[in-house]
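The values are calculated or read from the model by the stated rules, or taken from the named source; none is laboratory data. Treat the numbers as computed from the prediction; the structure is a model and nothing was measured. So basically every Cβ, Gly included, is an ideal-geometry build from the backbone, and we count neighbours across all protein chains shown. Please note that ligands, DNA and RNA were not included when accessible areas were found on the heavy atoms of the full protein model with its side chains. Shrake-Rupley method; radii C 1.70, N 1.55, O 1.52, S 1.80 Å.
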Amino acid sequence: MTPPIEISIIARENIKPSSPTPNHLKTFKLSVLDQMVPPIYIPILLFYPTSDHQRVQQLKKSLSETLTRFYPFAGTIKDNAFIECNDDGACFIEAQVSCLLSHILNEPDHQVLKQFLPINFESSEAGKGCVLLVQANYFKGGGIAVGLCLSHKIADAATLSTFIRSWAASASGADQRVVNPLFDSVPMAPPKDISVDPPSVEMKVYKSVTKRFVFHGSKIAALKAKVANNFVENPTRVEALAALIWKCARKASRVTLGFSSRPSAFYQNVNIRNKIVPPVPNGSVGNFVGSFIARSEEGAETDLRGLIAELRKGIEQFTSKAKRVPLSEDISVISEPQMAAIGLLSRDDMDFYVCTSWCRFELYEAADFGWGKPMWVSSAVPTCNNMVILVDAEGGDGIECWIRLNEDEMKVFECDQELLSYAAFNPSVWKTG
């Protein structure tokens, strides 16, 4: 078990852009895609074994330079309609941690990890307060964890990755890697008259727990070979893992509730940048996120091949519709799955799961601030029950999975032998030497 820790705030300041935002850029409109997102923060934690705390001053200086390019991140969100680019800046906190970094990384615990973030990521401030907050955590004996919270009202995981890449390039002096963001979402998805934030999609409230599982590259390759079939001849890593997690979670629900059969649905978020017309570059800032719902009805087969076929059908149908009509003319490809999810959540006779993938964003490669690549990248925790977050493991072949389930269902899920034949339960990420 991780020993009790104390975190003491030793400094707090606002980092302002190095150059003032021009008057003609003082108001940054949110796109309708941004308006549809609930007011929460996207959290991420970056862990480094370095003892070079002096470099944090360069971190602040480069953040100031980066905010000049990402100027809306230094502003304040107003009325779910626009960001007032007032150059108030990003909140930067420095904190001293009472324990060794190895104590945290030997057995990562999501409740402990949340303490290294600068704010509760479910805070309503994400919709009306500071857009970006950073916390630099200094561990006893050396080591730093950089926690970021970026408002979801202006960013998705791809935008977060773009920002980190640009900031890290500036901090490390790799000017050739500095990314200039593109603010092109409003012409593609013009804002609507939505003066209040949409409600968060609330999952049913149970006593829940969050656990971490790691799938190494060789295990994923074996799983992909097992689930391949005539309909899905070459499944992706995410498809293969999603099918396995869905099957095992569904099985845990049936065992816990005492049902032999029960319908379920799997809500998968999708980066739509290369799936819409016209496609947009990865450097485009905003919420270019769509979704689809794969379903398995009561009595339907729950073998892996059947579930992965449902997942593939879902993404193909989504992509086909997304390429048919520009978002500026019709956003139903985005809004309809969201409305359908709200309807499904109101049902007590089915299981509903949400999956978000952060894979292929190259976060380890992006986050070299001059200390080298982080030894571990974590998305912190899922924000609601029955939620799955997939993140690339170091090296890029493996995937880490954070999953939050009903406490009783997790007791069954974490002992599932089929799951454990592919996954390692919460292995250490601490490296010596």
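Residues being more than 15 Å from G127 (Cβ to Cβ) and either open to solvent by 20 Å² or more (accessible area, probe 1.4 Å) or in contact with a Cys (Cβ under 7 Å, 6 or more places away or on another chain) (or both): count how many of those fall in segment 29-41.
Matching residues across segment 29-41 total 1.
For segment 68-105, name all the residues that are modelled with pLDDT of 95 or more, within 22 Å of E125 (Cα to Cα) and either among the small types (G, A, S) or assigned to a loop (DSSP other than H, G, I, E, B) (or both).
Hits for segment 68-105 are F70, A74, G75, C85, N86, D87, D88, G89, A90, A95.
Go through (1) crowded, with 18+ Cβ neighbours inside 10 Å; (2) at pLDDT 95 or above and name the single condition V56 misses.
(2)
Tell me which helices (runs of 4 or more DSSP H) are completely within segment 334-433 and hold 2 or more residues being free of Cβ contacts under 8 Å to residues at least 12 places away in the same chain and open to solvent by 10 Å² or more (accessible area, probe 1.4 Å), or say none if there are none.
Qualifying helices (runs of 4 or more DSSP H): 417-420.
In this structure, does S8 turn out to be assigned to a helix (DSSP H, G or I) and touching a strand residue (DSSP E or B) at 6+ places or on another chain (Cβ under 8 Å)?
No; evaluated as a whole, the condition is false for this residue.
Do we find a residue being touching a Gly at 6+ places or on another chain (Cβ under 6 Å), modelled with pLDDT of 95 or more and within 30 Å of H110 (Cβ to Cβ) anywhere in segment 3-22?
Within segment 3-22, one or more residues are touching a Gly at 6+ places or on another chain (Cβ under 6 Å), modelled with pLDDT of 95 or more and within 30 Å of H110 (Cβ to Cβ).
Can you tell me which residue in segment 170-195 is most open to solvent (accessible area, probe 1.4 Å), limited to those that are without any contact (Cβ under 8 Å) to a residue 12 or more places away in the chain and either aromatic (F, W, Y) or in a helix (DSSP H, G or I) (or both)?
Q176
Please verify whether G142 is over 24 Å from R404 (Cα atoms) and under 20 Å from the mean Cα position of the chain (by Cα), treating the condition exactly as stated.
Against the criterion (over 24 Å from R404 (Cα atoms) and under 20 Å from the mean Cα position of the chain (by Cα)), G142 does not qualify.
Suppose the filter is buried (at least 18 other Cβ atoms within 10 Å of the Cβ), assigned to a helix (DSSP H, G or I) and among the small types (G, A, S); does A240 pass it?
yes
Name, by its number, the condition in (1) part of a loop (DSSP other than H, G, I, E, B); (2) at pLDDT below 95 that does not hold for A126.
Against the list (1) part of a loop (DSSP other than H, G, I, E, B); (2) at pLDDT below 95, A126 comes up short only on (1).
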